[in-house]
Amino acid sequence: HWTNVKVWKDGPNKGRVKSVRFFMFKTQEAIPYEIQNLTAAEEINIFSNANTFLLSLDTGEYITKLTDLKRLTIGSYGLVTLHPDFVNLKNLEYLDLGSNCFEELPDILTPENFPNLKSLSLNNSRITQSAKDLSKITKGDSIGLYLKSSVDGKDNPLRKLLLWEKLEELDISN
């Protein structure tokens, strides 16, 4: 009877969590180990960590064990990196990492690692003065997700995103 939890109505996962939403919390740690128990979940939404802009977190390894996930939102959590095992989430079709603290596109976000991904959001990635001394910023420095669009060649992060063949939606605003 929880409004933020949906369960499977029938089939082999009947009664197990199909989707769940966690929001409005305060943590300074990676995603808790208990998340790995949601093995039947297709969708998980985690968002709105207090003081997210002051944090420098990694997803941790536990979310990466949910290899059947199709939709994942980890928004406004304070992420600066993705755990290397994040590539285990090959069934993802939708990934929203918006409102985190990424300064660069995570290297593991590639079509090879996420062959089923159709929607990717990295909007509103930024850090604050407490994380980076704004008085020392010079021309060309970044206080948010920086995609180096002026870089030539195949290593251009923006070019890689735009050429991601199966990607139908891409949000890299602000």
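Within region 72-101, if we keep just the residues that are aromatic (Phe, Trp, Tyr) and touching a strand residue (DSSP E or B) at 6+ places or on another chain (Cβ under 7 Å), the residue that is nearest to THR52 (Cα to Cα) turns out to be TYR77. Applying the condition of being of a type in the set (Gly, Ala, Ser) and at pLDDT 95 or above to region 2-33 and asking which residue is nearest to the chain's Cα centre (by Cα) yields SER19.
Of the set (1) touching a His at 6+ places or on another chain (Cβ under 9 Å); (2) surrounded by 21 or more Cβ atoms within 10 Å (Cβ to Cβ), all apply to LEU89 but (1). In summary, LEU54 fulfils each of the numbered conditions (1) over 26 Å from SER119 (Cα atoms); (2) without any contact (Cβ under 8 Å) to a residue 24 or more places away in the chain with the single exception of condition (2).
The residue that is nearest to LEU55 (Cα to Cα), among those in region 14-42 that are of a type in the set (S, T, N, Q) and open to solvent by less than 50 Å² (accessible area, probe 1.4 Å), is THR27. Taken over region 76-96, the criterion of being modelled with pLDDT of 95 or more, within 24 Å of GLN28 (Cβ to Cβ) and not in a loop (DSSP other than H, G, I, E, B) is satisfied by PRO84, ASP85, PHE86, LEU95, ASP96.
The values are calculated or read from the model by the stated rules, or taken from the named source; none is laboratory data. All values reported here derive from a predicted model rather than from experimental measurement. FYI the Cβ positions are ideal-geometry reconstructions off the backbone, even for glycines, and counts take in every protein chain you see. Surface accessibility is based on the protein's heavy atoms, side chains included, excluding ligands, DNA and RNA. Shrake-Rupley method; radii C 1.70, N 1.55, O 1.52, S 1.80 Å.
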